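Engineer: Dumping the structure here so I can ask a few things about it.
Laboratory data are not the source of any read-out in this text; all were calculated from the coordinates shown. Keep in mind it's a predicted model, so treat the numbers as computed, not measured. Virtual Cβ from ideal backbone geometry, glycine too; neighbours counted across all protein chains shown.
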Amino acid sequence: MIGSAPRARGFTLIEVLIAATILFAALTVISESYRTSMQSARRAETVVRMLTPLPMIVSNIQAALRANPLERAAGEGEMLGVRYQFKAATQRFEPPAARFDPDRSDFTNYPNRYRLYDVTLVLALGAQRREFVYQELAWQSPARP
């Protein structure tokens, strides 16, 4: 057998370039998804920090409205680093339902006592702001004879 030239072993330049292109494309996709997930995690952390005191804030607003049920109310404060402002406006001012009095054989009507408020609540944490609108019920104590 006539001597044949030994075959070269290894990768050709084209194969190396294709492998490098695939590797860099995969690294780009991975780094972009990592960056996006880090941004989402930071936003979620801010939202959680902002909404953590929300039940306590709503409870304070409820207590303020029930302590002094006026036509309009407003207030502000800070809780766990979250600043809040609220405005409440009466949407309805109604009496309790009329009750039938069997002794008089007639219905007893009551004066207006219950207030339904539309409450606008603004929370602020740093540069982030969130606005919530909800309804709250308050009532006046019945007049004592």
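Engineer: Looking only at Cα atoms, what is the convex hull volume of the stretch 53-145 per residue, in Å³?
Structural biologist: Numbers: hull volume 9.3 nm³, N = 93.
Spread over its residues, the Cα hull of the stretch 53-145 gives 100 Å³ apiece.
Engineer: Filter the trypsin sites (Lys or Arg not before Pro) in the stretch 79-145 down to the DSSP loop ones having no more than 15 other Cβ atoms within 10 Å, then list what survives. Don't skip to the answer; put the middle values down first.
Structural biologist: Working: sites: ARG83, LYS87, ARG92, ARG99, ARG104, ARG113, ARG115, ARG129, ARG130; in loops: ARG104, ARG113.
Hits after loop and neighbour filter: ARG104.
Engineer: If one computes the Cα centroid of the stretch 25-54 and of the stretch 83-145, what distance in Å separates the two points?
Structural biologist: Cα centres, the stretch 25-54 to the stretch 83-145: 40 Å.
Engineer: Here's something else I'd like to know. Test of understanding: in a Gaussian network model of the chain with alpha carbons linked when under 10 Å, which of PHE11, PHE86, PHE100 would top the mean-square fluctuation ranking?
Structural biologist: PHE11
Engineer: Where does helix 54-67 land angle-wise versus the long Cα axis of the chain, in degrees 0 to 90, nearest 10?
Structural biologist: 10
Engineer: Taking the Cβ-Cβ separation of LEU70 and GLN39 as r and a Förster radius of 41 Å, what is the calculated FRET efficiency to the nearest 0.05? The partial results should precede the final answer.
Structural biologist: Numbers: r = 44 Å, r/R0 = 1.07.
Calculated value: 0.40.
Engineer: For the chain, take the longest principal axis of its alpha carbons; what is the angle in degrees between that and the long axis of helix 13-51, to the nearest 10 within 0 to 90?
Structural biologist: Taking the Cα atoms of the chain, the angle to 13-51 is about 10 degrees.
Engineer: Using each residue's phi in the stretch 134-139, evaluate 6.51 cos²θ - 1.76 cosθ + 1.60 at θ = phi - 60° and report the 3J(HN,Hα) Karplus result to the nearest Hz, with x for Gly and Pro.
Structural biologist: Working through the residues one at a time gives 8, 10, 9, 10, 9, 9 Hz.
Engineer: How far is it, in nm, from the label point at GLU32 to the one at THR120 when both lie 7 Å from their Cα along the line to the Cβ?
Structural biologist: 4.1
Engineer: Give the Rg (one decimal place) followed by the Dmax (whole number) of the stretch 67-108, computed from C-alpha coordinates and expressed in Å.
Structural biologist: 19.2, 58
Engineer: Something else: Once both labels are modelled 7 Å past Cα along the beta-carbon direction, what's the ARG83-SER141 spacing in nm?
Structural biologist: 3.6
Engineer: With a cut-off of 13 Å, note down the residues of the stretch 80-105 whose backbone N falls inside the zone around a label point 7 Å from the Cα of ARG49 toward its beta carbon.
Structural biologist: Only 80-83 fall inside the zone, counting backbone N under 13 Å.
Engineer: Mean separation of Cα pairs under 8 Å and 6+ residues apart, divided by the residue count of the stretch 55-145: what relative contact order is that in percent?
Structural biologist: Details: 159 pairs, mean separation 24.1, N = 91.
Rounded, it is 26 percent for the stretch 55-145.
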